[in-house]
Amino acid sequence: MAKAAILIDLAHAHLSQHLPGVVPIEAWGETSYFYNPGAALKRGTYFATIKQKDGANDKASHLDRAGVWRLNIGVKKATFIALFGTPPARPEKGGIIEGPWDFTVLDQLMPHPVYGWMGWVAVLCPSQSIWQTCIPLIADAHARAAANFAKRTA
C-alpha cells in the first residue's frame with residue numbers, strides 16, 4: 001500500500017503544481033481540482049478529483065478498502081468516445097452507470113461509475129504505467145476546463 005500512497009502524492013503534485021491556474025479544494029472525502037486562475041470565479045471549473053473514501057452516492061469502487069483511492073478525470077467528450085464509445089445513460093440518483101465495467105478493479109482505466117455519462121473517466125490506484133496514460137488525459141481535462149472557464153468569464 002505504500003506504493004499507492006506515493007502515487008497519490010505524485011498525482012496531487014501533478015494536478016496542483018504542474019498545471020497552470022489550478023486550485024485544489026478538499027471536501028467530501030476527496031480533493032477536487034478546479035481551473036480558476038486569479039480566483040476569478042467562486043470555485044472555478046472542475047476537472048479532476050482524487051477520492052479516498054466512499055460517499056453517500058458513490059460507493060461503487062469500494063474505497064473503504066485499505067489504501068484504495070480513485071483518480072477521476074473530466075475529459076472532453078471526444079476523448080471519452082475515443083476511449084469507450086458513446087457515453088452511457090445517466091444513472092438514477094444514487095445509482096451507477098450500466099456497462100461491462102467492474103468499478104472495484106485496481107489499475108484499469110474505465111468510465112467513472114457515477115459520472116461516466118458526463119464523460120468522466122476513473123482509475124483505482126493507478127500503476128506507473130497507467131499513470132503515464134492518465135497524464136495526457138489530465139491535460140485534456142485541464143484544457144476543457146480552461147475553455148469552459150474562458151466562456152464563463154468572458
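The values are calculated or read from the model by the stated rules, or taken from the named source; none is laboratory data. The shown structure was predicted, so the numbers you read here are calculated from the model rather than taken from an experiment. Neighbour counts run over all protein chains shown; Cβ positions are idealised from the backbone, glycine included. Keep in mind that these areas ignore ligands, DNA and RNA; they rest on the heavy atoms of the full protein, side chains included. Shrake-Rupley method; radii C 1.70, N 1.55, O 1.52, S 1.80 Å.
Cα centroids of segment 84-106 and segment 15-42: how far apart, whole angstrom?
With segment 84-106 and segment 15-42 each reduced to a Cα centre, they are spaced 26 Å.
Which of the aspartates and glutamates could a cross-linker bridge to K59, judged by Cα under 20 Å and excluding same-chain residues fewer than eight apart?
Counting by Cα, and skipping residues close in sequence, K59 has these aspartates and glutamates nearby: E26, E30, E92, E98, D102, D107.
At I81 and M118, where each label point lies 7 Å from the Cα along Cα→Cβ, what is the point-to-point distance in nanometres?
Simple spin-label model gives 2.0 nm for this pair.
So, with a 1.4 angstrom probe, what is the percent of accessible area on segment 1-72 that is carbon and sulfur?
Values: 2160 of 3780 Å².
Using a 1.4 Å probe with all protein chains present, segment 1-72 comes out at 57 percent carbon and sulfur.
Given 0.36 nm per residue, what is the gain on full extension from T133 to K151 after removing their alpha carbon distance, in nm?
Extra length available between T133 and K151 comes to 3.6 nm.
Given the options S32, G44, L106, identify the residue whose Cα lies farthest towards the positive end of the charge dipole of the chain (+1 on Cβ of Lys, Arg; -1 on Cβ of Asp, Glu).
The one lying farthest along the dipole's positive direction is G44.
Using just the alpha carbons, could you tell me how many Å³ per residue the convex hull of the chain encloses?
110
Between L41 and D9, 0.36 nm times their residue separation minus their Cα-Cα distance comes to what?
Working: separation 32, 0.36 × 32 = 11.52 nm, distance 2.66 nm.
Taking L41 through D9 to full extension adds about 8.9 nm, to one decimal.
Considering only the chain, what is the antiparallel percent among its DSSP beta bridges, to the nearest 5?
95
Note down the magnitude of the dipole of segment 50-111 about its Cα centre, charges +1 on Lys and Arg C-beta and -1 on Asp and Glu C-beta and zero elsewhere, to the nearest 20 debye.
260
Once you have the Cα-Cα distance between K93 and Q108, take 0.36 nm times their residue separation minus that, and quote the gain in nm to one decimal.
Working it through step by step, the gained length comes to 2.9 nm.
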